[in-house]
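Asks: Have a look at this one.
We did not get these values from a lab; they are worked out from the coordinates using the rules stated. Being a predicted model, the structure only gives us computed values, none of them experimental. Quick reminder, even Gly has a Cβ in these numbers, built from the backbone with ideal geometry, and neighbours come from all protein chains shown.
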Amino acid sequence: MSEQQHGHEAAQKAGFETRAIHAGYEPDPATGAVIPPIYATSTYKQDGVGGLRGGYEYSRSGNPTRTALEGNIAALEEGERGFAFASGLAAEDTLVRALCAPGDHVVVPDDAYGGTYRLFDKVERAWGLEHNSAAVSDVDAVRAAIRPGETTLVWVETPTNPLLNIGDIEALAAVAHEAGALLVVDNTFASPYLQQPLTLGADVVVHSTTKYCGGHSDVVGGALVVRDLEVAERVGFHQNAMGAVAGPFDSWLVLRGLKTLGVRMDRHCDNAERVVEFLAGHPDVTQVIYPGLEEHPGHAVASRQMKRYGGMVSFRVAGGEQQALAVCERAEVFTLGESLGGVESLIEHPGRMTHASVAGTDLEVPADLVRLSVGIETVDDLLADLDRALGARA
Ligand SMILES: Cc1ncc(COP(=O)(O)O)c(C=O)c1O
């Protein structure tokens with residue numbers, strides 16, 4: 001075994017933060033560079049026809065910066081192989097085409113991220129893939145939504161976006177496997193620091209690495225991690241054949257983000273807990289939705305399968321949609337914007353923004369709902385900002 005492979009294996013078995021910092025890359029033997037270079041190259045010199053160095057022939061098929069990211073995220077999710085894409089949706093589309101055929105059926109969450117639902121409803125359906133939706137928190141409803149012999153994937157998010165419902169990954173994996181389907185978990189909201197679905201029986205993990213993995217709102221990316229080599233082969237073939245790969249600079253940014261995932265997530269969780277406490281005591285807040293709250297229906301499952309409860313908080317306000325919109329517009333430290341998972345706090349109105357694409361469907365979200373991505377700023381500033389934003393009735 002080469003020194004590089006040996007180092008790689010050691011990093012695979014280490015604790016989470018050690019893996020986050022070391023897995024997927026050994027200092028460059030030529031220069032000692034501790035951080036992977038951004039390999040801005042489309043092609044590679046061959047030592048004679050077919051004489052590839054390290055297997056690299058063309059950067060759609062493989063690029064060393066992307067390889068480092070793919071090895072790193074696979075180690076964090078405790079999977080067999082990782083794959084990096086140009087966006088979360090590119091990862092999703094590649095996965096679906098790798099594992100499904102026209103005529104198959106997929107069960108999707110009834111409160112999935114709007115873009116994921118749109119992908120299934122408007123793009124994959126035209127390709128011949130049927131779907132129906134079920135609540136991820138209701139194992140019986142998911143079982144009932146499965147069409148035996150036709151369902152190839154059970155797709156869940158947990159926590160869901162934006163209602164933070166919790167699916168029991170172990171139970172859902174059993175239900176999917178009974179029916180001969182695979183369980184796909186979108187782990188974007190939890191991040192691999194808080195939850196590792198493959199260790200609970202899921203077959204594939206999906207990430208929008210745009211969010212907590214990247215962590216700095218400076219890159220759009222996606223990833224898949226699989227635990228089975230046959231699934232890995234199909235995904236790898238489609239990654240190359242479809243071509244929606246992560247570029248070297250984007251891969252480098254996500255890899256840099258992953259190194260600090262653990263410390264960032266702990267601060268996101270600390271701040272979110274304080275925000276939840278503040279909102280729960282506010283007279284104009286009618287409901288706070290956070291899996292860390294004992295009254296949250298998914299609290300027991302979340303406590304079992306997550307390390308902590310994450311940085312996403314949703315709440316409903318007295319005064320309906322107008323007041324929800326006004327709160328979003330009055331906030332200053334919380335920046336009004338889509339997306340989540342960056343170091344800066346964001347606020348948004350899902351009904352008009354991230355989830356506008358599901359208006360009028362079963363997935364429509366309440367009009368008085370506000371979603372927060374709680375960042376890692378000084379928490380007192382976040383509380384003061386929310387106090388001000390909630391203060392005056394519109
Ligand atoms: C839970 C979840 N999954 C997937 C996606 C899609 O990822 P991307 O925007 O990187 O394509 C998002 C984006 O917001 C998301 O929130």
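Asks: Would you report the distance distribution of C-alpha pairs in segment 152-237 as whole percents per 10 angstrom bin, up to the bin with the largest distance?
Replies: The distribution over segment 152-237 is 18, 49, 29, 5, 0, given as percents.
Asks: Return the distance in nm (one decimal) between the two label points of a simple spin-label model at Thr260 and Asp284, each offset 7 Å from Cα along Cα→Cβ.
Replies: Between Thr260 and Asp284, the label points sit 3.3 nm apart.
Asks: Quick one: work out the % antiparallel among DSSP beta bridges in the chain, nearest 5.
Replies: Working: 25 of 43 bridges.
Within the chain, antiparallel bridges account for around 60 percent of the total.
Asks: Could I ask something else about it? Tell me which of Ala356, Ile166, Val327 sits at the most positive position along the dipole axis of the chain, charges placed on C-beta atoms (Lys, Arg +1; Asp, Glu -1).
Replies: In the chain, that residue is Ala356.
Asks: Assuming R0 = 25 Å, can you tell me the calculated FRET efficiency for the pair His299 and Thr199, based on Cβ-Cβ distance, to the nearest 0.05? Each step should come with its number before you reach the end.
Replies: On the way: r = 21 Å, r/R0 = 0.83.
So, using R0 = 25 Å, E works out to roughly 0.75.
Asks: Something else now. Grab the other residues whose beta carbon is less than 11 angstrom from that of Arg66, score K and R as +1, D and E as -1, and report the net. Don't skip to the answer; put the middle values down first.
Replies: Numbers: positive: Arg60; negative: Glu70, Asp250.
Value of the local net charge: -1.
Asks: Assuming a viscosity of 1.002 mPa s and a temperature of 20 °C, what translational diffusion coefficient in µm² per second does Stokes-Einstein assign to segment 113-187, Rh being the Kirkwood radius over Cα pairs?
Replies: Estimated via Stokes-Einstein, D reaches 170 µm²/s.
Asks: Further, regarding this structure: May I ask you to order 240-253, 206-219 by the average number of other C-beta atoms within 10 Å around their residues, highest value first? Provide the component values of the computation, followed by the final result.
Replies: Values: 240-253: 19.6, 206-219: 24.4.
Averaged packing, sorted descending, gives the order 206-219, 240-253.
Asks: Let me ask you something else. Which percent, to the nearest 5, of DSSP beta bridges fully inside segment 144-209 are antiparallel? Could the numbers behind the result be given before it?
Replies: On the way: 0 of 8 bridges.
In segment 144-209, DSSP labels about 0 percent of beta bridges as antiparallel.
Asks: If you place +1 on the Cβ of every Lys and Arg, -1 on the Cβ of every Asp and Glu, and leave all else neutral, what size is the dipole of the chain about its Cα centre, to the nearest 20 Debye?
Replies: 720
Asks: Take the Cα radius of gyration of segment 68-124 and divide it by 2.2 N^0.38 Å, with N its residue count; two decimals is plenty. Let's see the in-between values first.
Replies: Working: Rg = 13.1 Å, N = 57, 2.2 N^0.38 = 10.2 Å.
Rounded to two decimals, the normalised Rg is 1.29.
Asks: About the Cα centre of segment 223-262, what is the dipole size in debye to 20, counting +1 per Lys and Arg Cβ and -1 per Asp and Glu Cβ, all else neutral? Intermediate values should be presented prior to the final figure.
Replies: Values: 4 positive and 4 negative charges, 43 e Å.
Roughly 200 debye, rounded to the nearest 20.
Asks: Spin-label point model (7 Å from Cα, Cβ direction): what's the Thr31 to Glu178 distance in nm?
Replies: Spacing of the two 7 Å Cα→Cβ label points: 5.5 nm.
Asks: Still on this model: Which one of Pro102, Pro29, Pro148 has the biggest mean-square fluctuation once the chain is modelled by GNM with Cα springs under 10 Å?
Replies: Comparing Pro102, Pro29, Pro148 in a Gaussian network model of the chain, the most mobile one is Pro29.
Asks: Still on this structure, please answer the following. Can you tell me the alpha carbon radius of gyration of the chain divided by the globular rule-of-thumb value 2.2 N^0.38 Å? Kindly include the intermediate steps, with their values, before the conclusion.
Replies: Numbers: Rg = 21.1 Å, N = 394, 2.2 N^0.38 = 21.3 Å.
Here the Cα radius of gyration is 0.99 times the empirical estimate.
Asks: Given Cβ point charges of +1 (Lys, Arg) and -1 (Asp, Glu) and nothing else, what value in debye, to the nearest 20, does the dipole of segment 120-200 about its Cα centre take? List each step's numbers first, then the result.
Replies: Numbers: 4 positive and 11 negative charges, 28 e Å.
So the magnitude is around 140 debye.
Asks: Would you mind telling me the antiparallel percentage of the DSSP bridges in segment 181-271, rounded to 5? Mind showing how you got there, number by number?
Replies: Numbers: 5 of 8 bridges.
Of all bridge pairs located within segment 181-271, approximately 60 percent are antiparallel.
Asks: Give, in nm to one decimal, the length gained when the segment between Arg53 and Thr378 is fully stretched (0.36 nm per residue of separation minus the Cα-Cα distance). Present the calculation step by step, with values, prior to reporting the outcome.
Replies: Details: separation 325, 0.36 × 325 = 117.00 nm, distance 4.82 nm.
That pair, Arg53 and Thr378, stretches by 112.2 nm at full extension.
Asks: Provide the descending list of Cα extents for segment 191-237 along its principal axes, expressed in whole angstroms.
Replies: Cα extents, longest axis first: 34, 26, 8 Å.
Asks: Here is a follow-up. On a C-alpha basis, how far is the centre of segment 221-239 from the centre of segment 194-218 in Å? Whole number, if you could?
Replies: Measuring centre to centre over Cα atoms gives 14 Å.
Asks: So, one more: Which whole-number percent gives the relative contact order of the chain, counting Cα pairs below 8 Å spaced six or more residues apart? Provide the component values of the computation, followed by the final result.
Replies: On the way: 836 pairs, mean separation 64.6, N = 394.
Relative contact order of the chain: 16 percent.
Asks: Can you compute the helix-only [θ] at 222 nm over the chain? Use -39500 (n - 2.57) per DSSP H run of at least 4 residues, normalise by all residues, nearest 500 deg cm²/dmol.
Replies: On the way: 14 runs with 146 residues, N = 394.
-11000 deg cm²/dmol, from helical runs alone.
Asks: Can you order the peptides 59-67, 270-278 by their average number of other Cβ atoms within 10 Å per residue, highest first?
Replies: Working: 59-67: 20.9, 270-278: 18.8.
Order by mean packing, descending: 59-67, 270-278.
Asks: Nearest 0.05, what FRET efficiency do Ala171 and Leu229 give at R0 = 25 Å with Cβ-Cβ as r?
Replies: On the way: r = 26 Å, r/R0 = 1.03.
E between Ala171 and Leu229, to the nearest 0.05, is 0.45.
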